[in-house]
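The values are calculated or read from the model by the stated rules, or taken from the named source; none is laboratory data. Just so we're clear, the structure is a prediction, and the values are computed from it rather than from any experiment. Ideal geometry is used to build each Cβ from the backbone, glycine not excepted, and the neighbour counts take in all protein chains shown.
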Amino acid sequence: MTSSFEQRVGHNEALFRDINERIEAGHWRDDDSETVAFRCECSMLGCNLLVEMTMAEYERVRASPRRFLLVPGHEIPEVEVVVARGEGYVVVEKVGEAGRVAEAADRREE
């Protein structure tokens, strides 16, 4: 796995995570049990699939800057490991260079 590939994957997924941050910001926090449609945070630029989960569940994903929400089957085993599974989604954690890039790109860490 080349470093440039890992960097590109980290950057792409961080970009899609930013989109979900904006989705999250647009919802009221009064009902953490209400489901919200989040965008799959995979590295495929053409992916437009949605994952439904509660705001509280998404906050658990975002607790680590190296973790991302994906549709099952969108994982790239060379740069990420599945750390959780739910109905219609997986949570992956970036490793290696992709993990470092994702962590550096996390706006919550600023």
**Study point:** Selection from the stretch 81-110 of residues that are free of Cβ contacts under 8 Å to residues at least 60 places away in the same chain and either buried (at least 18 other Cβ atoms within 10 Å of the Cβ) or within 11 Å of the chain's Cα centre (by Cα) (or both)
**Key:** TYR89, VAL90, VAL91, VAL92, GLU93
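Does the stretch 48-72 hold any residues that are in a helix (DSSP H, G or I) and closer than 18 Å to ALA102 by Cβ, and which are they?
Step one: of the stretch 48-72, the residues in a helix (DSSP H, G or I) are 55-61.
Of everything in the stretch 48-72, those that are in a helix (DSSP H, G or I) and closer than 18 Å to ALA102 by Cβ turn out to be TYR58, GLU59, ARG60, VAL61.
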Exercise for review: Give the residues of the stretch 57-78 that are at pLDDT below 90 and either surrounded by 14 or more Cβ atoms within 10 Å (Cβ to Cβ) or touching a Phe, Trp or Tyr at 6+ places or on another chain (Cβ under 7 Å) (or both), sorted by residue number.
Suggested key: TYR58, ARG62
